[in-house]
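Written out below as C-alpha cells is the structure these notes cover.
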Amino acid sequence: MIDPGKLWVGSIVIETKPAGFQRLVKFWCEALGYVPREPIEDWALLRDPHKSGPNIAIQQAKEGDEVSGPEGRIHLDLYSSDWRGEVQRLPRVGATMVEPERIGRDFVTLSDPDGNFFDVVQAGRFQFGQRSD
C-alpha cells in the first residue's frame, strides 16, 4: 500500500477531434459544474471549483490524427508528490515504461498490464487532486 497523497488521479484526459473540441469543453463544464483554467487553446483543463474531484482535461488531436492513438481516447494523469519514486515503483507492480523522463516535460508515460497508457505527472503546484494556486 502506498502512502496517502503520494499518487492520485489528477486528471482524466479525453482526446477529441478539432471540430468537437469546443462542444466537449462546454458539455463537461455544464455536466459537472467545472470551470476552465484559462486560456483554452488546443487543450483545456477543467477543474472542480469545490476542489473535491479530479480535473478533466480535453485534448485536441492534431488535424488528421486518429483520436484513438497509442494513449487511447481517454487516459488518466496520475499526479504524484513523489514523482520519481512512483515512476520507479509502478513497474514493480506491473506497469511498463512507454516514454521515460525527458527534459522540458513534467510527466512520463507508462502502461498498465493490459497496455492502457497513463501519465505520471510531477505534482509541483498541485495538492491532493487540485492545483494549489
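The values are calculated or read from the model by the stated rules, or taken from the named source; none is laboratory data. Please read all numbers here as calculations on a predicted model, not as lab measurements. Cβ: placed from backbone, ideal geometry, glycine included. Neighbour counts: every protein chain shown.
Here are the numbers:
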{"item": "The listed residue being free of Cβ contacts under 8 Å to residues at least 60 places away in the same chain and not charged (D, E, K, R), out of Val120, Val87", "result": "Val87"}
{"item": "Residues of segment 18-40 classified as assigned to a loop (DSSP other than H, G, I, E, B) and touching a strand residue (DSSP E or B) at 6+ places or on another chain (Cβ under 8 Å), total", "result": "1"}
{"item": "Condition check for Pro18: modelled with pLDDT of 90 or more and more than 17 Å from Val120 (Cα to Cα)", "result": "no"}
{"item": "Unmet criterion (only one of (1) at pLDDT below 90; (2) within 20 Å of Val121 (Cβ to Cβ); (3) of a type in the set (Val, Ile, Thr); (4) crowded, with 18+ Cβ neighbours inside 10 Å) for Val13", "result": "(1)"}
{"item": "So Val35, is it surrounded by fewer than 19 Cβ atoms within 10 Å (Cβ to Cβ) and closer than 20 Å to Phe107 by Cβ", "result": "no"}
{"item": "Hits in segment 43-52 (condition: part of a loop (DSSP other than H, G, I, E, B) and either of a type in the set (A, V, I, L, M) or without any contact (Cβ under 8 Å) to a residue 24 or more places away in the chain (or both))", "result": "Pro49, His50"}
{"item": "Where Glu38 falls short, out of the listed (1) closer than 27 Å to Asp82 by Cβ; (2) under 17 Å from the mean Cα position of the chain (by Cα)", "result": "(1)"}
{"item": "Enumeration of residues in segment 75-95 that are buried (at least 16 other Cβ atoms within 10 Å of the Cβ), farther than 12 Å from Ala123 by Cβ and not basic (Lys, Arg)", "result": "His75, Leu76, Val87, Leu90, Ala95"}
{"item": "Residues that are touching an Asp or Glu at 6+ places or on another chain (Cβ under 7 Å), closer than 16 Å to Leu76 by Cα and hydroxyl-bearing (Ser, Thr, Tyr), drawn from segment 1-56", "result": "Ser11"}
{"item": "Inter-residue pairs, beta-carbon under 7 Å, first β-branched (Val, Ile, Thr) and in segment 102-114, second surrounded by fewer than 14 Cβ atoms within 10 Å (Cβ to Cβ), 6+ apart", "result": "Val108/Pro100"}
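Quick grid of which residues meet (1) in contact with a Gly (Cβ under 6 Å, 6 or more places away or on another chain); (2) of a type in the set (S, T, N, Q); (3) over 18 Å from Trp8 (Cα atoms); (4) modelled with pLDDT under 85:
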| position | (1), (2), (3), (4) |
| --- | --- |
| Ile40 | no, no, yes, yes |
| Ile58 | no, no, yes, no |
| Glu63 | no, no, yes, yes |
| Val67 | no, no, yes, yes |
| His75 | no, no, no, no |
| Asp106 | no, no, no, no |
| Val120 | no, no, no, no |
